[in-house]
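Okay, so here's the structure we're looking at.
The values are calculated or read from the model by the stated rules, or taken from the named source; none is laboratory data. Quantities reported herein were computed from a predicted structural model and do not represent experimental measurements. Virtual Cβ from ideal backbone geometry, glycine too; neighbours counted across all protein chains shown.
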Amino acid sequence: MVNPRLEINLEKIKHNTYKIVTDCRKAGIDVAAVTKVVCGSPVIARAMVEGGITCIADSRIENLIKLKSIRASKMLLRLPMISEAEEVVEYSDISLNSEYDTISALSREAAGQGKVHSIILMVDLGDLREGIWYEKVLDFVPRILSLNGIELAGIGTNLTCYGGVIPTVENLSVLTSLADAIRERYRIILPIVSGGNSSSLHLLYSGKMPPGINNLRIGEAIFLGRETAFGKQVDGLYDDAFAFYGEIVEIGQKPSMPLGIIGHDAFGSSPEFTDKGLMTRAIIAAGRQDIDYCALYPEDNDIKVIGASSDHLIVDITGCKKKYKIGDEVKFKMSYGCLLQAETSEYVKKVYI
Ligand SMILES: *Cc1c(COP(=O)(O)O)cnc(C)c1O
């Protein structure tokens, strides 16, 4: 087997997708499956479609282009750049937006391509990433209703990504009230009210999702089985659809404190150490180019991850019952940040099982 590698269990992803789609459907919620953490992998997208997904969402238009042949509608998550307006209209059916200049560029493109491009207007409810500030949305709407080739399909919000703001009955009700106010004032259907990402699932599972929220954009919960407001595992979802494997290239007894005068490490920070005496350390052939070592969890609980440089992962195997030798593989689970890194690293082989 090649190392380092990421083993991806498609059946588990399909299972997780099916469960989330089914649970959401019972609450009148459609799910857009978010593929950005897997770099828009068509193989994975296909497993999600088999699990019941009808809309694939990604933050990069490059990824949606890769997914062209997948039979699902395509949603662009990151606010489009004006310079990519042509591809956005060509390869996505719906995009999330917050800027008039961008929407009017999409309008010109859509008119040119003889298409109608749908948009979801993003509303900032306080997380301070994208979106029109919630108090200004109502006055913004008429400016885009007059644009040719643009359909205002809905409004949406994104929380817990930058400011860490947790979706609650209160803040999501601001969104549903806004949707009602827009419908009433401008006499439009506004079919979609998109209430966020995996961090909104805790409201669904506690039966508190405000009625009127009818769409969620879900990535992490499908891939890692977690809701992300409180970081809890969701019952009935697999947390091990992805496994990272690295190979041991050195094992030795060394002190836990470096010898000599300590300056900066390879990344410009001054590392700190505690003296734990002699330890048995192993080096695994993978590094910061491939993984986020802080978010990597060995399957063998006795292994402790100590640190990493660009291409070396250093682990403490002093307390291990297993006798490791050179050439052995070590298996890890990952959190979101590490999965993102492993997926984007060219050096990590992707193996679908
Ligand atoms: C990444 C992203 C999502 C999905 O987030 P998860 O936490 O992976 O569910 C949803 N919406 C937007 C706008 C995103 O950028």
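Show the residue pairs that are 6+ apart or on different chains and have beta-carbon atoms under 6 Å apart, the first residue being within segment 186-204 and farther than 15 Å from Ile20 by Cα and touching a residue at least 40 places away in the same chain (Cβ under 8 Å), the second being near the ligand (Cβ under 10 Å from one of its atoms) and in a helix (DSSP H, G or I).
none
Kindly list, by first and then second residue, each pair from a residue in segment 160-175 that is without any contact (Cβ under 8 Å) to a residue 40 or more places away in the chain to a residue that is within 13 Å of the ligand (Cβ to nearest atom) and among the small types (Gly, Ala, Ser), limited to pairs with Cβ atoms under 8 Å and residues at least 6 apart or on different chains.
Here the result reads none, with nothing in segment 160-175 linked to a residue that is within 13 Å of the ligand (Cβ to nearest atom) and among the small types (Gly, Ala, Ser).
Identify the residue in segment 127-164 that is touching a Leu at 6+ places or on another chain (Cβ under 8 Å) and of a type in the set (Gly, Ala, Ser) and, among all such residues, is surrounded by the most Cβ atoms within 10 Å (Cβ to Cβ).
Gly156
Answer with yes or no whether Ala221 is of a type in the set (Gly, Ala, Ser), touching a residue at least 40 places away in the same chain (Cβ under 8 Å) and more than 22 Å from Tyr162 (Cβ to Cβ).
Here the answer is no, as Ala221 does not meet what is asked.
List every residue pair whose Cβ atoms lie under 8 Å apart, where the two residues are 6 or more positions apart in sequence or sit on different chains, the first residue falls within segment 72-85 and is among the acidic types (Asp, Glu), and the second residue, located anywhere, is loosely packed, with under 15 Cβ neighbours inside 10 Å.
Nothing qualifies.
Tell me which residues, restricted to segment 280-290, are surrounded by fewer than 18 Cβ atoms within 10 Å (Cβ to Cβ) and under 18 Å from Ser345 (Cα atoms).
Ala285, Gln289
Could you list all residues from segment 331-341 that are closer than 18 Å to Ala282 by Cβ and surrounded by fewer than 17 Cβ atoms within 10 Å (Cβ to Cβ)?
If the condition is that a residue be closer than 18 Å to Ala282 by Cβ and surrounded by fewer than 17 Cβ atoms within 10 Å (Cβ to Cβ), then Lys331 is the only one that fits.
So in segment 291-330, with the set limited to residues that are of a type in the set (Ser, Thr, Tyr) and within 22 Å of Val2 (Cα to Cα), which one is surrounded by the most Cβ atoms within 10 Å (Cβ to Cβ)?
Here is the first cut: in segment 291-330, the ones of a type in the set (Ser, Thr, Tyr) are 293, 297, 309-310, 318, 324.
Filter once more, so that each one left must be within 22 Å of Val2 (Cα to Cα): 293, 297, 309-310, 324.
Values: Tyr293: 22, Tyr297: 14, Ser309: 15, Ser310: 10, Tyr324: 17.
Out of the qualifying residues, it is Tyr293.
Looking for whichever is of a type outside the set (Ser, Thr, Tyr) and in contact with a strand residue (DSSP E or B) (Cβ under 6 Å, 6 or more places away or on another chain) here; the options are Ile29, Ile13, Ile82, Ile44. Which one fits?
Of the residues listed, the single one that is of a type outside the set (Ser, Thr, Tyr) and in contact with a strand residue (DSSP E or B) (Cβ under 6 Å, 6 or more places away or on another chain) is Ile29.
For the structure I just gave you, tell me whether Ile119 is buried (at least 17 other Cβ atoms within 10 Å of the Cβ), within 15 Å of the ligand (Cβ to nearest atom) and farther than 17 Å from Arg217 by Cα.
In short, no.
Here is a list of conditions, (1) under 21 Å from Val38 (Cβ atoms); (2) surrounded by 14 or more Cβ atoms within 10 Å (Cβ to Cβ); (3) modelled with pLDDT of 95 or more, and Ile103 meets all of them except one; can you say which number that is?
(1)
Taking Trp133 and the conditions (1) under 24 Å from the mean Cα position of the chain (by Cα); (2) touching a residue at least 12 places away in the same chain (Cβ under 8 Å), which numbered condition does it fall short on, given that it satisfies the others?
The failed condition is (2).
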